[in-house]
Amino acid sequence: EIVTPSLDRKTILPGVTRDSVITLVQEFKHDLKAAIKESTGQDNITVCSRDVTVGELKDATEAFCTGTAAELVPIARLATGEGEEAFERVFPHGQKLAGPVTSALLGLLRQVMVGDKGTDATKDWLRDPFAPPSEFCK
């Protein structure tokens, strides 16, 4: 399962890249199947937006952040708190450039961005940069 924090608490921005990753998971599940299997041992992938608990982070196999300029950035380590609140998680794949799911999603995102791959849900992601301004205001 890919989990993104809910927008309800307003602790994260409703970013374009975040939304794109959610769409990619929904539209290209088949393309992500091998990466999910390698990362988690599971055959199925889902994506949801909800609160993420520390307990879930302890069991996660990968973590990444999204951003317009950064695209997808793997997280190698999370640490917080002191004493009983202390928490540290080193992600198995984070020490490399990226884990299999993060790499697969980044690859799909780039393929869609350059027009090499697409579905009905992603067809309007690309715009003709030479189109008249009126075309951008539809």
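The values are calculated or read from the model by the stated rules, or taken from the named source; none is laboratory data. Being a predicted model, the structure only gives us computed values, none of them experimental. When we count neighbours, we look across all protein chains shown, and the Cβ atoms used for this are built from the backbone with ideal geometry, even at glycine.
Results, tabulated for the structure shown:
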{"item": "From A34, A121, A86, A104, residue being in contact (Cβ under 8 Å) with a residue 40 or more places away in the chain and farther than 27 Å from P14 by Cβ", "result": "A34"}
{"item": "Condition met for L78 (of a type in the set (A, V, I, L, M), modelled with pLDDT under 85, buried (at least 16 other Cβ atoms within 10 Å of the Cβ) and not in a helix (DSSP H, G or I))", "result": "yes"}
{"item": "Verdict on E84 being farther than 24 Å from L126 by Cα and either modelled with pLDDT under 85 or assigned to a loop (DSSP other than H, G, I, E, B) (or both)", "result": "yes"}
{"item": "Selection from region 50-69 of residues that are touching a helix residue (DSSP H, G or I) at 6+ places or on another chain (Cβ under 8 Å) and either surrounded by fewer than 14 Cβ atoms within 10 Å (Cβ to Cβ) or of a type outside the set (D, E) (or both)", "result": "T61, A63, F64, T66, G67, T68"}
{"item": "Hits in region 89-127 (condition: outside any loop (DSSP other than H, G, I, E, B), of a type outside the set (S, T, N, Q) and at pLDDT 85 or above)", "result": "P100, V101, A104, L105, L106, G107, L108, L109, R110, V112, M113"}
{"item": "Helices (runs of 4 or more DSSP H) contained in region 13-74 and holding at least 3 residues more than 13 Å from the chain's Cα centre (by Cα), within 26 Å of L126 (Cα to Cα) and not small (G, A, S)", "result": "29-40"}
